[in-house]
Every structure is written in structure tokens, then in C-alpha cells.
There are 2 protein chains.
Amino acid sequence: MEHETKLCPSFEAAFELLGKRWTGLIIRTLMDGPKRFKDISTIIENMSDRMLSERFKELEAEGIVTRRVYDEIPVKIEYELTEKGYALEPMMNECEKWAENWIP
Amino acid sequence: MEHETKLCPSFEAAFELLGKRWTGLIIRTLMDGPKRFKDISTIIENMSDRMLSERFKELEAEGIVTRRVYDEIPVKIEYELTEKGYALEPMMNECEKWAENWIP
């Protein structure tokens with residue numbers, strides 16, 4: 001069990017992060033490609049802008065989302081998954097399958 | 001996004017449950033088959049017996065683990081994953097892969 005005992009903290013960290021309200025849905029929305037703040041807040045209707053800012057900060061701190069500023073007038077800002085973020089897709093797919101089958 | 005917006009709460013519920021300290025490791029240990037309390041507390045060295053009881057209660061309440069009492073003397077009690085519990089394996093495998101690759 002040595003291997004799994006060591007793996008445990010990072011495993012839990014991953015689930016803890018993804019268990020936060022809206023986080024999974026924000027990541028899922030970004031799987032289609034980069035989006036502007038307004039795009040996401042339109043798609044996820046019930047989430048406040050303040051919450052979205054907070055989640056973006058957390059996801060940036062975790063290296064899952066990156067913020068890209070385009071040098072245009074007016075300035076254009078997009079949020080995009082990093083490689084680490086896109087790498088979550090297989091796990092999220094499996095989790096959704098499980099939840100669909102097993103959570104009423 | 002209708003589909004995903006609805007899926008969101010159960011998705012988050014799954015991650016929240018699995019993000020709790022020790023829960024993932026307990027489930028992983030039971031993937032090999034039913035175990036007695038003592039077997040698990042021996043395998044997962046740093047977890048207290050009190051914590052393990054608490055986690056078992058939560059997992060039973062979620063329908064992920066079942067407690068089987070054998071009518072023997074002395075009484076034998078085993079904990080076993082339900083079908084819902086075993087169904088977590090693909091997601092846990094993907095999560096471990098992700099954590100191994102991306103969490104230092």
C-alpha cells in the first residue's frame with residue numbers, strides 16, 4: 001500500500017478542489033475552448049459574477065486556468081484551461097457517468 | 001448547457017464526498033474485496049479507528065459501503081463496496097493518473 005498511501009494527499013486535493021460549488025461546471029465550460037468572463041457568466045446562469053471571479057482566482061492559483069490579456073482596444077481578456085486543466089477531461093467524464101448512473 | 005447545469009449538483013456531491021480525508025483511500029482499499037475493520041486500519045496506518053468508524057458511517061449512508069455481519073462465534077463483521085461503490089473505479093483510476101501527472 002506504500003504507493004497508494006503516498007498518492008492519497010494529492011488525490012484528496014484534486015477531489016476537494018473539484019468538489020467546490022461551480023468549479024466542475026466552470027472547467028467543463030472551458031473544455032470547449034477559451035471564453036470571456038461574460039460568456040461563462042451567461043452560460044452558468046445561477047452563479048454570481050463575484051463567485052466566478054473567486055473561482056477563477058482559485059483555478060489560476062492551482063494552474064488549471066490561465067488568463068490571457070489581448071493588447072487590443074478595448075482590451076480583451078479570455079480565460080483558458082492550461083494543459084493541466086484539459087487533462088481533467090477523462091476524470092470528469094467518468095465522474096459524470098458515475099453521477100448519472102448512481103446519484104438520483 | 002441545460003444538461004450540464006442539471007448534472008452539476010450531483011457531480012459536485014460526488015467530488016465533495018471523495019475529497020474528504022481518507023475516503024478515497026478507504027474505497028481504494030475495498031476495491032480488492034471485503035475487509036474487516038482491523039484489516040483496513042492496519043493498511044491505512046495513520047488513520048485513527050475513530051476516523052475510520054466515522055467514514056464507514058458516511059459511506060454506508062451514501063450507499064457506497066455495506067456492512068455484513070456473519071452469524072458466527074465470535075461474530076465476524078466485514079465491510080464491502082456496493083455496486084455503486086465498485087462503479088467508482090474508473091473515475092478513481094483517472095483521478096489518480098491526473099494527480100500523478102500534475103500534482104507535485
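Sorted from closest to farthest, the other copies place their residue A:53 label points 4.7 nm away, with each point set 7 Å from Cα along Cα→Cβ.
Along chain A, the longest continuous region that contains none of the trypsin sites (Lys or Arg not before Pro) in a DSSP loop with at most 16 other C-beta atoms within 10 Å is A:37-104.
Exposed loop GluC sites (Glu not before Pro) only (DSSP loop, at most 13 other Cβ atoms within 10 Å): please give the longest stretch of chain A free of them, not including the sites. Longest stretch, sites excluded: A:1-44.
Across peptide B:43-49, the average count of Cβ atoms from other chains found within 10 Å of a residue's Cβ is 2. Inter-chain neighbour count for B:82-92: the average number of beta-carbon atoms from partner chains within 10 Å of each residue's beta-carbon is 4.
For the range B:88-97, 3J(HN,Hα) computed residue by residue from phi via the Karplus equation (6.51, -1.76, 1.60; θ = phi - 60°) reads 6, 4, x, 5, 5, 4, 5, 5, 5, 4 Hz, glycine and proline entered as x. Between chains A and B, what is the buried accessible area summed over both chains (1.4 Å probe, protein heavy atoms, nearest 100 Å²)? When A and B are taken together, about 3800 Å² of accessible area is lost. The label point for residue A:61 and the one for residue B:39, both projected 7 Å from the Cα toward the Cβ, are 4.1 nm apart. Note on residue A:75 and residue B:87: with the Förster distance fixed at 45 Å, the Cβ-Cβ geometry gives a FRET efficiency of about 0.45. For the range B:2-102, the relative contact order is 25 percent, taking Cα pairs closer than 8 Å that sit 6 or more residues apart in sequence and dividing their mean separation by the residue count.
Taking every lysine pair in the range A:2-102 that is 8 or more places apart or spans two chains, those with Cα atoms closer than 20 Å amount to 10.
The values are calculated or read from the model by the stated rules, or taken from the named source; none is laboratory data. Keep in mind the model is a prediction, meaning the values are calculated, not measured. As a convention, Cβ positions derive from the backbone with ideal geometry for all residues, glycine included, and neighbour counts pool all protein chains shown. All accessible areas refer to the heavy atoms of the entire protein, side chains included, with ligands and DNA or RNA removed. Shrake-Rupley method; radii C 1.70, N 1.55, O 1.52, S 1.80 Å.
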